[in-house]
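The block underneath contains the structure these notes are about, expressed in structure tokens.
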Amino acid sequence: MTSTAGADMAEDVVDGRGIQPRHLIVTVCALFADQLDGWFPVASLVRLLADLGVDEPAVRSSISRLKRRGLLEARRVRGAAGYELSDGARRLLHDGHQRAVHQSRPAVADGWLLAVFSVPEAERGKRHTLRSQLTRLGFGTAAPGVWIAPAHLHQETAAVLDRHGLRGYVELFRADHLSFVELPAKVAEWWDLDGLQQSYADFLARYRPVWRRWSRRRAIPEREAFADIVRMHTEWRLLPYADPGLPRELLPKNWNGSLAAELFASIDRRLTVPARRHVNLARLG
């Protein structure tokens, strides 16, 4: 998977008017492609994206862009044209799903991971990729060329650096904080916790009404369930990357991330089964 594709996956997906179609397509493939052996016919994608308010020309244009960026790969099955996620896209989405569902909060005593890097000026592209990947992993900046994350991210960080050919530019260290400055004050410098707190607050504001609506209903219309769960997963996908999983005692009081994760899980449990039934109907339509 190219660094360009990785950057596309890490773009902001929500603006004031809605969610970009290509991100909805990636979410649909990630959530439901297992129902079709990992492959989606173009006709099914067109039908499903119509349920999300996206017209056919926009779907086909977005598919072309995702293909150019290495996120989708074309494949024919019994003569029908279709697409599947690339191996790189599946790895990236799997990492994000694991963070979303199994986000851990280590103890301060578990220590820290330091990434110290130096990239020659002639390889500025590598420097940009390195910074982008460390940001995506949840690293904060402790000093120029010195990035920091909770120690539990070590294996994921090493795997990402290997995948992007960046291992030769970085040294990784395990560390304890021994400074005279209180650690919560330093953490607030290394990460934009206020911005992340607000991002979680925005998610709560959008999806608490969705949960209230669904929690009151006995019958769940499958098309509506599909539309809501796809939009929610698409918006949620970035938040676990921005959140490095800091120890609870270093987070602001009334941390919105915990509430947002609980809300995400509740809606996901409520809507997954009817949404999958809707995808099966769209496949047969």
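The values are calculated or read from the model by the stated rules, or taken from the named source; none is laboratory data. Since the model is a prediction, treat every value here as computed from it, not as a measurement. We place every Cβ from the backbone using ideal geometry, glycine too, and count neighbours over all the protein chains shown. Accessible surface areas use protein heavy atoms only, side chains included; no ligands, DNA or RNA. Shrake-Rupley method; radii C 1.70, N 1.55, O 1.52, S 1.80 Å.
Summary of values
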| quantity | calculated |
| --- | --- |
| Label-reachable residues, region 247-285, where backbone N falls under 16 Å from a point 7 Å from Glu56's Cα toward its Cβ | 285 |
| Distance between modelled label sites at Thr272 and Arg124, nm, 7 Å Cα→Cβ extension | 4.6 nm |
| Electrostatic dipole magnitude of region 100-232 [Cβ: Lys, Arg +1; Asp, Glu -1; Cα centre; debye, to 20] | 840 debye |
| Accessible-area composition of region 131-285, carbon plus sulfur, in percent [1.4 Å probe] | 52 percent |
| Table column - 3J(HN,Hα) (Hz), region 159-176, Karplus curve with 6.51, -1.76, 1.60, x for Gly and Pro | 5, 5, 4, 4, 4, 9, x, 10, 4, x, 9, 10, 10, 9, 10, 8, 8, 10 |
| Descending semi-axes in whole angstrom, ellipsoid equivalent of region 190-285, from the Cα gyration tensor | 30, 14, 10 |
| Full-stretch length increase - Ala109, Ser64 - with 0.36 nm per residue and alpha-carbon distance subtracted | 11.4 nm |
| Among Val279, Tyr169, Tyr200 - extreme Cα towards positive end, dipole of the chain, charges at beta-carbon | Val279 |
| Virtual paramagnetic centre 7 Å along Cα→Cβ of Glu171, amide N under 16 Å, in region 109-143 | 113-120, 143 |
| Pairwise Cα inverse-distance average, inverted: Kirkwood Rh of the chain (Å) | 20.4 Å |
| Lys, Arg +1 and Asp, Glu -1 on Cβ, resulting dipole of the chain about Cα centre, debye, nearest 20 | 1140 debye |
| Average accessible surface area per residue within the chain, 1.4 Å rolling probe, Å² | 51 Å² |
| Where labels lie 7 Å past Cα in the beta-carbon direction, separation of Ala185 and Arg283 in nm | 5.8 nm |
| Residue-averaged [θ]222 nm for the chain, counting only DSSP H segments that reach four residues, each worth -39500 (n - 2.57) | -18000 deg cm²/dmol |
